[in-house]
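The values are calculated or read from the model by the stated rules, or taken from the named source; none is laboratory data. Predicted model only: the values in this text are computed from it and were never measured. Note that each Cβ is placed from the backbone with ideal geometry, even for glycine, and that neighbours are counted across all protein chains shown. Note: accessible area is taken over every heavy atom of the protein model, side chains too, but ligands, DNA and RNA are not part of it. Shrake-Rupley method; radii C 1.70, N 1.55, O 1.52, S 1.80 Å.
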Amino acid sequence: EFFEGGFQQAARWGDWKVIRPKAGAALQLYDLREDVGEKVDVAKKHPEVVRMLEEKGNGARRASVHWPTALDE
């Protein structure tokens, strides 16, 4: 998670990388094996990967009074 200049999240699992560019935005998915420059969002082609990574991310995240986000509401 990045809080400077707003809020962003990113995670990587193997060759997959997900990015949430701002709180409340849909996750973007990139296949780094095919697209190292992260130019083509393939989230719609792989909704199962997006769903799995979102569930893992939600399970790993802990709310913080020092870094509150819209996700904590």
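Quick notes
- Among the conditions (1) under 13 Å from G57 (Cβ atoms); (2) at pLDDT 95 or above; (3) not hydroxyl-bearing (S, T, Y), R20 misses just one, which is (2).
- Residue within the stretch 53-67 that is modelled with pLDDT of 90 or more and more than 10 Å from the chain's Cα centre (by Cα) present: no
- Against the criterion of being open to solvent by 40 Å² or more (accessible area, probe 1.4 Å), closer than 20 Å to S64 by Cα and either aliphatic (A, V, I, L, M) or touching a Lys or Arg at 6+ places or on another chain (Cβ under 8 Å) (or both), Q8 qualifies.
- With respect to the conditions (1) in contact with a strand residue (DSSP E or B) (Cβ under 6 Å, 6 or more places away or on another chain); (2) modelled with pLDDT of 90 or more, K45 lacks only one, and its number is (1).
- Identity of the residue in the stretch 28-38, of a type in the set (D, E, K, R) and touching a strand residue (DSSP E or B) at 6+ places or on another chain (Cβ under 8 Å), that ends up nearest to Q8 (Cα to Cα): E38
- Within the stretch 20-53, tally of residues that are without any contact (Cβ under 8 Å) to a residue 40 or more places away in the chain and either open to solvent by less than 70 Å² (accessible area, probe 1.4 Å) or of a type in the set (A, V, I, L, M) (or both): 22
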